[in-house]
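Worksheet: the structure to be examined is printed underneath.
The values are calculated or read from the model by the stated rules, or taken from the named source; none is laboratory data. Keep in mind it's a predicted model, so treat the numbers as computed, not measured. Cβ sites come from the backbone with ideal geometry, for glycine too, and all protein chains shown count toward neighbours. Areas reflect the complete protein model, heavy atoms only, side chains present, ligands, DNA and RNA absent. Shrake-Rupley method; radii C 1.70, N 1.55, O 1.52, S 1.80 Å.
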2 protein chains.
Amino acid sequence: MAKPKKTPRPKAVTPKGFRDYFGTEVSERKQMLDQIAEVYHHYGFEALETSAVETVEALGKFLPDVDRPNEGVFAWQEDDSDWVALRYDMTAPLARVAAQYRQDLPTPYRRFAMGPVWRNEKPGPGRFRQFYQCDADTVGAPSVAADAEICAMLSDCLEKVGIPRGDYIVRVNNRKVLNGILEGLLVDNEQTRALPKDFEGMLESKASDWEFADPDAILRTIDKFDKVGEAGVLELLTTGREDQSGAFIDGVGLSKADAESVIAFMKARGATNADTIKNLRSLMGNSEIGEEGVSELEEISTLLESQGYGPDRIVIDPAVVRGLGYYTGPVYEAELTFEVTDEKGRVREFGSVAGGGRYDDLVKRFTGQAVPATGASIGVDRLLAALRATGRIGSKAQGPVVVTVMDRDRMNEYMTMVSELRQAGIRAEVYLGNPKNFGNQLKYADKRMSPVAIIQGGDEAERGVVQIKDLILGTKLAESASVEEWKDRPNQYEVPRDQMVAKVREIIESYS
Amino acid sequence: MAKPKKTPRPKAVTPKGFRDYFGTEVSERKQMLDQIAEVYHHYGFEALETSAVETVEALGKFLPDVDRPNEGVFAWQEDDSDWVALRYDMTAPLARVAAQYRQDLPTPYRRFAMGPVWRNEKPGPGRFRQFYQCDADTVGAPSVAADAEICAMLSDCLEKVGIPRGDYIVRVNNRKVLNGILEGLLVDNEQTRALPKDFEGMLESKASDWEFADPDAILRTIDKFDKVGEAGVLELLTTGREDQSGAFIDGVGLSKADAESVIAFMKARGATNADTIKNLRSLMGNSEIGEEGVSELEEISTLLESQGYGPDRIVIDPAVVRGLGYYTGPVYEAELTFEVTDEKGRVREFGSVAGGGRYDDLVKRFTGQAVPATGASIGVDRLLAALRATGRIGSKAQGPVVVTVMDRDRMNEYMTMVSELRQAGIRAEVYLGNPKNFGNQLKYADKRMSPVAIIQGGDEAERGVVQIKDLILGTKLAESASVEEWKDRPNQYEVPRDQMVAKVREIIESYS
């Protein structure tokens, strides 16, 4: 007879690319979010919590020629009608809210938002499909005073969560300055690689061979500065370059002189902000937009310095290129400047933990009206990793005091003990597993990282005492100790029942 | 010529059934979650944060005969492979975690979890598709001491968030006691409505006409006690009943005597827990499971009373029937006992804000092994509504101090003021909108619920003073006042620049 087919048991697994967080992983992140929220709030920002789900239409990640809008987002169709999706960042919901409630919200609207976002991307080591973002943005403030404020706030946030001054730097650049450099740059229309070697001669060739340079191509190229260095960027901006694998990467087609002025921009940082501004100004020529960008940086610098945020915390640095493609004015990036040893034993700078900038098309998609906005996002998970890497958080969490159960019949008394401890402000619990094997109770206390275990058998109860076991001292012995050995250690105290709370407090406080 | 077709602008709307939370709505809920988390943690519970997304297989809401598992959950298929879904509660992910990490987690495992859950249900007034749950559960603790602990913890949580003792009650019942009553109950096999009117005669009819009663049908019926009253339940348990619309509702088919013993169970609450236990015991007859249930209630009562949780906080009450269909042992429900006036002006009891119980099949789906578990869930949104209804939270939030901008050129000085205020611990911001219309700045401060506005024009700057406007006092006048009127009010103070912080603090403190 054939066996009846059994329904297989479901697999108990976290979905691919997602993860679970336990105990201190949760509380450490919560503490950091609380600290950051406190700074944001102190600056006048108001909390906003939107739902995790948005219409795909509002999110704007909808690809009209694709059946299902799943490029990078988790999306699904509800009842053959609306496509909805999990938010992939905090900015898209802010745009929707700023448009939806524009009659009711104050202008400017300062808001902060913290919570998970979801990305439908291939997961990798340390890259998850759900992670936290922690943003602050000001909508409707055209002045760069709003940008300066965000920079100061980023600095305050980093110090608040425990990064000492000197271990981080907020660097500020401006897309308009780069625009000033790019204004009027030409690239050769013909295939760049086939060009004459004489760059200087190129500018004399007839204009119809040239067209205005594509800023995006230049942005993509200078973004590789850290990877290929100055010489590499120069090659890529002009005629192209062979990469490590031997493949040839086409160049952008700038003349050498133009490419050098782009690189000069990136290297324009001087000894002081004033020097940097002077350097930049000298590069701007007659560009109006470039001069506007330099003036904005100057204003930001002055505003910050008048509030005491000097170059030890925030500097003007044209080498910041990340985000220049997206933002329309000032951009900022917060970096940790200390070195850490990675999992492969390599020493490296920790790098960027926050960034942002000014963008002016936030609400326009919805209302047709341009609204200036600026803001930043703190990478909470990276920042936590940094604090852990430097031992600033992640010291062993202390578990609860465990009241063990020697006699099941006296559970009342054990629960009363635990209640007394809690009322005294001490985290405590009674052992609620099967009490038969006392060794298991001590192993449990060990696993829970309990500082103290309380033991009271019938004998102790009769004599009106309890045994108090110092488990921090005893951790090393605890692995193999039997109850009898355990009771004889000097790190165990017998105290009268009514002194239990005081003794437990004394032990816990001696370790804090 | 036909007009070129324009892409319509996206609609800025929250998806149907979802909502946005602003400012104090966010911070009040956060504060409540923090308070509850503190109590949970104090009891030895550890935080667990699972991802919002689970495999449908693990969630167990998969309906095998339905193409798409969307009954009540938001689910979608990833890349033609796994179906995944948003979690609909915190218990299903706990079951998955308890199975997945069973080698690593301590036993018992006490965990708490708080966060949004999603329900794909028809939204209604006050019913949203995303809402918060706030759970604590103990996995692997067979003793009812674990249940007693959860009840005590619920009581502590309610007091911690601001419900005074006397304004709530935690009521405890036990499914096993009901089972004891149900044991051996028979229903007539024949159509109930056609039965003889003489109930007493029914028991004498031959046994083959009868079968064991379906406990679920009885549970569904007694759940209607609040709606149809004792007489209604008696009818529904026996021959049936005509409802208000005139439709006839079939009865369960119990004999009148059996129905009366079910009702006697629900009404068994005595003046004290001891009385209630005595009443229940007298109803149990020879039922072993019933006696076990009564003993468990007795033990819970003793454990709680020895910790000081008397009947003013927690009572044994067999009238608690909600959840009896789901849970396998003790069940508990926390209710607010004060009356509130609803939106239609009707006075009603606020009712249930938390509930839970013991369930023993949590992990079995995954591992085949039964693991005892017990826990409770606090309805944070309902609890917040209760605190708001009684004015315990929701007093007008105080906004930041607003430093107004009289001269755009002196932004440095305004930013410095704001920085000084913040450093003194005072929430403050500078007005960052267009400063041209000063009236708009005051309207802004009003909208922000600012306690104080700082004003410094060129004249004041020259004299080294600032104007400090008390906006709480001035709220009523503020609507129509022009700048000049504003400046002449007695609720405005001119103080030397270096006394600004002190004066602002004085005003704010006078209102707190």
* Asked: Do we find that residue B:350 is more than 29 Å from residue B:152 (Cβ to Cβ), touching a residue at least 24 places away in the same chain (Cβ under 8 Å) and not small (Gly, Ala, Ser) in this structure?
  -> no
* Residue list for the stretch A:270-308, restricted to those being in contact with an Asp or Glu (Cβ under 6 Å, 6 or more places away or on another chain) and modelled with pLDDT under 95 -> A:284, A:287
* Is there any pair with a first residue in the stretch B:16-34 that is at positive phi and a second that is in a loop (DSSP other than H, G, I, E, B) whose Cβ atoms are under 7 Å apart and which are 6 or more apart or on different chains, and what are they? -> B:17/B:123; B:17/B:128; B:17/B:129; B:23/B:397
* Has the stretch A:385-400 got at least one residue that is in a helix (DSSP H, G or I), within 30 Å of residue A:329 (Cβ to Cβ) and either in contact (Cβ under 8 Å) with a residue 60 or more places away in the chain or among the charged types (D, E, K, R) (or both)? -> yes
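Yes/no per residue for (1) hydrophobic (A, V, I, L, M, F, W, C); (2) within 14 Å of another protein chain (Cβ to nearest Cβ); (3) closer than 30 Å to residue B:461 by Cα:
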site: B:342; (1), (2), (3): no, no, no
site: B:347; (1), (2), (3): yes, no, no
site: B:352; (1), (2), (3): no, no, no
site: B:358; (1), (2), (3): no, yes, no
site: B:380; (1), (2), (3): yes, yes, no
site: B:416; (1), (2), (3): no, yes, yes
* Taking residue B:349 and the conditions (1) modelled with pLDDT of 85 or more; (2) surrounded by fewer than 22 Cβ atoms within 10 Å (Cβ to Cβ), which numbered condition does it fall short on, given that it satisfies the others? -> (1)
* **Verdict on residue B:55 being facing chain A (nearest Cβ under 8 Å) and at pLDDT 95 or above** => no
* Structure fact -> Only one of (1) outside any loop (DSSP other than H, G, I, E, B); (2) more than 8 Å from chain A (Cβ to nearest Cβ); (3) modelled with pLDDT under 90 does not apply to residue B:29, and that is (3)
* To do: Give me a count of the residues in the stretch B:433-450 that are more than 39 Å from the chain's Cα centre (by Cα) and in contact (Cβ under 8 Å) with a residue 12 or more places away in the chain.
  => 4
* **Enumeration of residues in the stretch A:321-346 that are under 22 Å from residue A:304 (Cα atoms) and loosely packed, with under 14 Cβ neighbours inside 10 Å** => A:337
* Asked: Across the stretch B:306-328, what is the number of residues that are within 14 Å of chain A (Cβ to nearest Cβ), in contact (Cβ under 8 Å) with a residue 60 or more places away in the chain and part of a loop (DSSP other than H, G, I, E, B)?
  -> 3
* To do: Sort out which residues of the stretch A:300-318 are open to solvent by less than 40 Å² (accessible area, probe 1.4 Å) and touching a helix residue (DSSP H, G or I) at 6+ places or on another chain (Cβ under 7 Å), and write them in order of number.
  => A:300, A:301, A:303, A:304, A:307, A:309, A:313, A:314, A:315, A:316, A:318
* Asked: What pairs can you find where one residue is in the stretch A:77-88 and within 16 Å of residue A:119 (Cα to Cα), the other is modelled with pLDDT under 80 and not aromatic (Phe, Trp, Tyr), and their Cβ atoms are less than 6 Å apart, with a gap of 6+ or different chains?
  -> A:84/A:78
* Could you say whether any residue in the stretch B:10-24 is open to solvent by 20 Å² or more (accessible area, probe 1.4 Å), at pLDDT below 95 and assigned to a helix (DSSP H, G or I)? -> yes
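The rows are residues; the columns are (1) in contact with a Lys or Arg (Cβ under 6 Å, 6 or more places away or on another chain); (2) at pLDDT 95 or above.
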position: A:107; (1), (2): no, no
position: A:111; (1), (2): no, yes
position: A:119; (1), (2): yes, no
position: A:122; (1), (2): no, no
position: A:125; (1), (2): no, no
position: A:134; (1), (2): no, yes
position: A:146; (1), (2): no, yes
position: A:151; (1), (2): no, yes
* Tell me which residues, restricted to the stretch B:249-293, are basic (Lys, Arg) and under 26 Å from residue B:232 (Cβ atoms). => B:256, B:267, B:269
* Asked: Cβ-Cβ below 8 Å, separation at least six or inter-chain, first residue in the stretch A:273-285 and on the phi > 0 side of the Ramachandran plot, second at pLDDT below 95: which pairs?
  -> A:285/A:180
* Report those helices (runs of 4 or more DSSP H) wholly inside the stretch A:86-195 carrying at least 1 residues which are open to solvent by 10 Å² or more (accessible area, probe 1.4 Å) and facing another protein chain (nearest Cβ under 9 Å). => A:91-100, A:145-161
* **Residue check for residue B:372: within 13 Å of chain A (Cβ to nearest Cβ), touching a residue at least 24 places away in the same chain (Cβ under 8 Å) and touching a Gly at 6+ places or on another chain (Cβ under 8 Å)** => yes
* Do we have residue A:74 as within 9 Å of another protein chain (Cβ to nearest Cβ) and within 18 Å of the chain's Cα centre (by Cα) here? -> no
